[in-house]
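Notes for the one structure printed next.
The values are calculated or read from the model by the stated rules, or taken from the named source; none is laboratory data. Nothing here was measured: the structure is a model prediction, and the numbers come from that model. Positions of Cβ are backbone-derived with ideal geometry, glycine not excepted, and every protein chain shown enters the neighbour counts. Surface areas here come from the heavy atoms of the whole protein model, side chains and all, with no ligands, DNA or RNA. Shrake-Rupley method; radii C 1.70, N 1.55, O 1.52, S 1.80 Å.
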Amino acid sequence: RISRSIDLGQPWAQNKSTGTTLGTIMKLPLGKLKLEAGLFRSTRDDPLSFADLELGTERDGRVANRIVIADDDNGSGSTSGEARLTRVWQDGGLRHSLIAALRGRSQSRAFGGQQRVLLGSSRADARDDRPEPGLTFGANNQSKVRQFTYSLGYALQWNGRGSLSLAVQKSDYRKDTSFADPLLAKTVSRDQPFLFSANGSVNILAGLTAYAGYVRGLEESAVAPDIATNRDEAPPAIRTNQKDAGLRYAITPKLSLIAGVFEVRKPYFNIDSTRRFRQLGSVSNRGIEISLTGSIVPGLTVVAGTLLLDPKISGPEVIAGAIQERPVGSFRRRSIANLDWKPKGQEAWSFDLAFESYSSETGNSQNDFVAPPRETIGIGTRFRFKLGNTKLLLRGQVTNVFNAYGWRVSSSGGFTYALPRTATINLAADF
């Protein structure tokens, strides 16, 4: 346990970054058709960034090896868009929808060229300032992603009976990565999968609905973490499969209870014994989720749920004993509850209470070290008022009211303490 009120970073290791996101959305009726389209641009510029790593930390605060990774002139830019054409028609108690869509994106990233500053032994529980070193950065690596996806979907709503939706997609994905190191060859990754999804629901009894679904998808993998020797490198897109089923019960017209089971399968990427970020196998996330949402009584709203998870890795690395079957940073249970109360007869004030609880988290790849369970409680209030014709919202919030101490574990094995009791006040205006 260390003090959470001390900045332990090096005074010269200050991060600088700028991010922008902008876009436009259009909706246009075309007779019996409706055209919807969006175009977006997002950029991030990191002229200087640092990662301060304390490796080999002991219980008494000693650190065997402290490394600061310095990076400059990194950044990324992404342009993405979608156009969707929808036709809806009614046939008695049946409502049909036919949707054709085109999606595209182009992304470029600059990464690498970092310098590792070796500080040797240090402390995790006290400041240990070192002189600012001279930094010499290498050339950046470059990656470019281009993806187009064409899709066709059909949805059916049967009044009082159920629903069905089907969709098929054809995706064309390409990723090119060029390395500054002349000894590393340029890599090209391509994938042209057919992706599909099917979802349906059936009304069993009054207020009781059964649902099920299957989705096959394509998504970007996380980039290599700071501790990896190939830091910031992003693997090609990965294929995923998700199945889910459950029951939804309307306790009242404004309060619903949902209980479901699910399974998500995807390739598993993490750092190996040489600290290189790569695919180590496949991971299956099976679980149960239960949630209660809606209005309990007039003025009192609840959003609560529990997730029970059974994550397991499979593959040659597990068979060989290099890693165990539980992913680093995984947990078995997460529970949340949020209550919002607006006193009857007024519109200005509301009060909220938030509760969050985690089971223990897997702390390393050998599964013989865990971070203990943790719980936090937060309280807050909102006050709505007007200044002339301007609507304003004053928000006050205290998180971790009882100043509980705990550790969060990242998927790469890094430990970060949960933030201490924190009070914030925000003022928002709607012009």
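In percent, how large is the relative contact order of the chain, given Cα pairs closer than 8 Å and 6 or more residues apart?
Numbers: 1126 pairs, mean separation 31.5, N = 431.
Across the chain, relative contact order equals 7 percent.
Whole number please: convex hull volume per residue, Cα atoms of the chain, in Å³. Kindly include the intermediate steps, with their values, before the conclusion.
Working: hull volume 86.1 nm³, N = 431.
Convex hull of Cα atoms, per residue: 200 Å³.
Using a/c under 1.5 as the rounded threshold, could you call the range 329-431 rounded, prolate or oblate? The axes a ≥ b ≥ c are square roots of the C-alpha gyration tensor eigenvalues, and prolate needs a/b larger than b/c, oblate otherwise. Walk me through the numbers before you get to the answer.
On the way: a/c = 3.41, a/b = 2.61, b/c = 1.31.
In terms of gyration-tensor shape, prolate.
Please give the solvent-accessible surface of Val168 in Å², to the nearest 10, using a probe radius of 1.4 Å with every protein chain present.
Only protein atoms counted, so the area is about 70 Å².
Applying a 10 Å radius around every beta-carbon, put 382-391, 188-197, 22-31 in order of their mean neighbour count, most first.
Working: 382-391: 11.0, 188-197: 13.7, 22-31: 9.4.
In decreasing order of mean packing, 382-391, 188-197, 22-31 become 188-197, 382-391, 22-31.
If we count every other residue with Cβ under 14 angstrom of Pro316's Cβ, Lys/Arg +1 and Asp/Glu -1, where does the sum land?
Details: positive: Arg278; negative: Asp272, Glu317, Glu325.
Result for the neighbourhood of Pro316: -2.
Output ³J(HN,Hα) for the range 55-61: one whole-Hz value per residue in order, computed from phi by the Karplus curve 6.51 cos²θ - 1.76 cosθ + 1.60 with θ = phi - 60°, and x for Gly and Pro.
With coefficients 6.51, -1.76 and 1.60, one gets 9, x, 7, 9, 4, 8, x Hz.
Identify all lysines with a Cα-Cα distance to Lys266 below 27 Å; exclude those on the same chain that are fewer than 8 residues away in sequence.
Straight-distance partners of Lys266: Lys144, Lys170, Lys175, Lys186, Lys243, Lys312.
Quick one: which residues, 5 or more positions from Gly406 or on another chain, have an amide H under 5 Å from its amide H? H modelled 1.01 Å from N in the peptide plane, none for Pro or chain starts.
For Gly406, whose amide H was placed from the backbone, the distant partners under 5 Å are Ala418.
Along the charge dipole of the chain, pointing to its positive end and built from +1/-1 on Cβ of Lys, Arg, Asp and Glu, which listed residue (Gly75, Gly246, Leu135) has its Cα farthest out?
Gly246
Tell me the per residue accessible area of the chain using a 1.4 Å probe; a whole number in Å² is fine. Working shown, then result.
Working: 24990 Å² over 431 residues.
So the chain comes to 58 Å² accessible per residue, rounded to a whole number.
Run the numbers on the range 365-431 and let me know its relative contact order in percent, using alpha-carbon pairs under 8 Å that are six or more apart.
Values: 117 pairs, mean separation 22.5, N = 67.
Worked out over the range 365-431, it gives 34 percent.
Rounded to the nearest percent, how much of the accessible area of the range 310-383 (1.4 Å probe, protein heavy atoms only) is carbon and sulfur?
Details: 2460 of 4070 Å².
Taking all protein chains in place, the range 310-383 shows 60 percent carbon and sulfur surface.
What does the highest-first list of 351-363, 392-404 look like by mean Cβ count within 10 Å?
Numbers: 351-363: 17.5, 392-404: 14.2.
Going from most to least packed, we get 351-363, 392-404.
For the range 232-327, what relative contact order do you get, as a whole percent, if you take Cα pairs closer than 8 Å and at least 6 residues apart? Kindly include the intermediate steps, with their values, before the conclusion.
Working: 188 pairs, mean separation 20.7, N = 96.
This gives 22 percent for the range 232-327.
With θ taken as phi - 60° and the coefficients 6.51, -1.76 and 1.60, list the Karplus ³J(HN,Hα) couplings across the range 4-20 in order, rounded to whole Hz; mark glycine and proline as x.
Calculated HN-Hα couplings, in order: 9, 10, 10, 7, 8, x, 6, x, 8, 9, 9, 7, 9, 7, 9, x, 9 Hz.
Would the range 73-151 count as rounded, prolate or oblate if I go by the C-alpha gyration tensor, calling it rounded below 1.5 in a/c and otherwise prolate when a/b exceeds b/c, oblate otherwise? Numbers along the way, then the final one.
On the way: a/c = 6.82, a/b = 2.75, b/c = 2.48.
Since a/c reaches 1.5 and a/b is larger than b/c, the shape of the range 73-151 is classed as prolate.
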